Amino acid sequence: MNWDDTTDPAAAERLVGSVADGEDQAVEAALRPKDLDEFIGQEKVREQLDLVLRAARARGATADHVLLSGAPGLGKTTLSMIIAAEMEAPIRITSGPAIQHAGDLAALLSSLQEGEVLFLDEIHRMSRPAEEMLYMAMEDFRVDVIVGKGPGATAIPLELPPFTLVGATTRAGLLPPPLRDRFGFTGHMEFYEPTELERVVHRSASLLDVGIEADGAAEIAGRSRGTPRIANRLLRRVRDYAQVKADGWVTREIAEAALAVYEVDARGLDRLDRAVLKALLKLFGGGPVGLSTLAVAVGEERETVEEVAEPFLVREGLLARTPRGRIATPAAWEHLGLVPPGSRAAGNGQRDLFGA
Ligand SMILES: Nc1ncnc2c1ncn2[C@@H]1O[C@H](COP(=O)(O)OP(=O)(O)OP(=O)(O)O)[C@@H](O)[C@H]1O
């Protein structure tokens, strides 16, 4: 699945976008769980990783390389920091797009300390030559530095200290098998359950010194699209509202009122998501309709509809992509309080397609 909405500017501006914005980056450091016990949810990954790390510690060895895959904002960076903390090792953080030349990677690898954790975000976006150098570095803790050009070029082997590579990717399927195979452990990060996100919201509220009722936390969690980063962001907006419009205490009513101001609905859809669904239902009778036509109808670029709005609508079972075009599911009609044309369900409080 394509979760990689990092390149679309429309994605970055959204309150429910999963990519970190400047404000997120500033506060996220304070909200990150510091060890595996504090890390909420992802039970399988946590349990498996715990075993990998304990075993490495017991052997006095550097932990195996770890690959973490999953959508943005699910906690891959946080887990890499936890890995370093649990191994009592320093961590270096960089990303695939920042390593464009094999020489950049050689310089980085040769400056690592023994046992250091190297977190490589967006590992699927590394250049080919750097990727090939990484194979040998991961397996043999050695790189060949090429000196000179053409027939006179020579490869000088450079020994590296043992290190743990933690690679993160939103697109595990894009990694070449030789790279994937060199990781000793792969953890697939799933979207979080609402009850887990409630715990995330409670924890963050306590760190941010925000008073919150259980109902208020549940309301925020239910609109957070399975993503802790979004939960934390919505909490901050709700906190603003509670401080400006009330006494600072977050109740269900306050959370609902605040998120209505920001146009994030009960299921976590925002203005763009609803515009796409509304056009599909009201203008095209639920489809099928082609992506380009749908994009024109909502006044957005085709890529914005496809990469920013659709993945969540599909995941929520509100929209389906078919060979004949996009179609709305019965859940979409229900969510927007509309009834499909020809349906005999009108009269139960829902409006039919043409507002009758
Ligand atoms: N399991 C969790 N428990 C509590 N908080 C979490 C958890 N996972 C993530 N968070 C919080 O969500 C925020 C985003 O997490 P993080 O930066 O680790 O995500 P990411 O998957 O690395 O995102 P990206 O792919 O964009 O780099 C952080 O502030 C972190 O505190």
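The values are calculated or read from the model by the stated rules, or taken from the named source; none is laboratory data. Keep in mind it's a predicted model, so treat the numbers as computed, not measured. Reconstructed Cβ throughout: ideal geometry from the backbone, glycine too, with neighbour counts over all protein chains shown. Quick note on the areas: whole protein, heavy atoms, side chains included, nothing else; ligands and nucleic acids left out. Shrake-Rupley method; radii C 1.70, N 1.55, O 1.52, S 1.80 Å.
Among residues of region 159-177 that are surrounded by fewer than 12 Cβ atoms within 10 Å (Cβ to Cβ), those with a Cβ under 8 angstrom from a residue that is part of a loop (DSSP other than H, G, I, E, B), sequence gap 6+ or separate chain, pair up as GLU159/PHE141. When every residue of region 134-156 is checked against the conditions, none turns out to be exposed (fewer than 15 other Cβ atoms within 10 Å of the Cβ), under 26 Å from the mean Cα position of the chain (by Cα) and on the phi < 0 side of the Ramachandran plot.
The residue pairs whose first member lies in region 4-29 and is outside the structural domain of GLY70 (by TED's automatic domain parsing), whose second member is at pLDDT below 80 and not in a loop (DSSP other than H, G, I, E, B), and whose beta carbons are closer than 7 Å, counting only pairs six or more residues apart or on different chains, are ASP5/ALA11; GLY17/ALA11; VAL19/ALA11; VAL19/ALA12; ASP21/ALA12.
Residue under question is TYR192, and the condition is that it be over 20 Å from HIS335 (Cα atoms), among the hydroxyl-bearing types (Ser, Thr, Tyr) and open to solvent by less than 30 Å² (accessible area, probe 1.4 Å); does it hold? Yes, satisfied.
Do we have any residue at all in region 24-43 that's modelled with pLDDT under 95, under 30 Å from ARG302 (Cβ atoms) and more than 12 Å from the ligand (Cβ to nearest atom)? Within region 24-43, none of the residues are modelled with pLDDT under 95, under 30 Å from ARG302 (Cβ atoms) and more than 12 Å from the ligand (Cβ to nearest atom). Can we say LYS278 is among the basic types (Lys, Arg), farther than 18 Å from ARG14 by Cβ and not assigned by TED's automatic domain parsing to the domain that holds THR78? Here the answer is no, as LYS278 does not meet what is asked. Scanning region 40-91 for residues that are within 17 Å of ALA168 (Cα to Cα), part of a loop (DSSP other than H, G, I, E, B), open to solvent by less than 40 Å² (accessible area, probe 1.4 Å) and not aliphatic (A, V, I, L, M) turns up GLN42, HIS65, GLY70, PRO72, GLY73, GLY75. When the test is whether a residue is open to solvent by 20 Å² or more (accessible area, probe 1.4 Å), within 16 Å of the ligand (Cβ to nearest atom) and at pLDDT 95 or above, ARG239 passes it. Every test in (1) more than 25 Å from LEU174 (Cβ to Cβ); (2) in contact with an Asp or Glu (Cβ under 9 Å, 6 or more places away or on another chain) is passed by MET133 save one, and that test is (1). With respect to being surrounded by 15 or more Cβ atoms within 10 Å (Cβ to Cβ) and touching a Pro at 6+ places or on another chain (Cβ under 8 Å), GLY187 falls outside the description. Is it the case that some residue within region 98-111 is in contact with a helix residue (DSSP H, G or I) (Cβ under 9 Å, 6 or more places away or on another chain), under 28 Å from LEU197 (Cα atoms) and surrounded by 18 or more Cβ atoms within 10 Å (Cβ to Cβ)? No, that holds for no residue. For region 104-126, the criterion of being among the hydroxyl-bearing types (Ser, Thr, Tyr) and either away from the ligand (no atom under 13 Å from the Cβ) or outside any strand (DSSP E or B) (or both) is met by at least one residue.
Restricting attention to region 211-225, the residues being within 15 Å of the ligand (Cβ to nearest atom) and touching a residue at least 40 places away in the same chain (Cβ under 8 Å) number 2. The set of residues from region 299-310 being open to solvent by 30 Å² or more (accessible area, probe 1.4 Å) and within 25 Å of PHE191 (Cβ to Cβ) comprises GLU300, GLU303, GLU306, GLU307.
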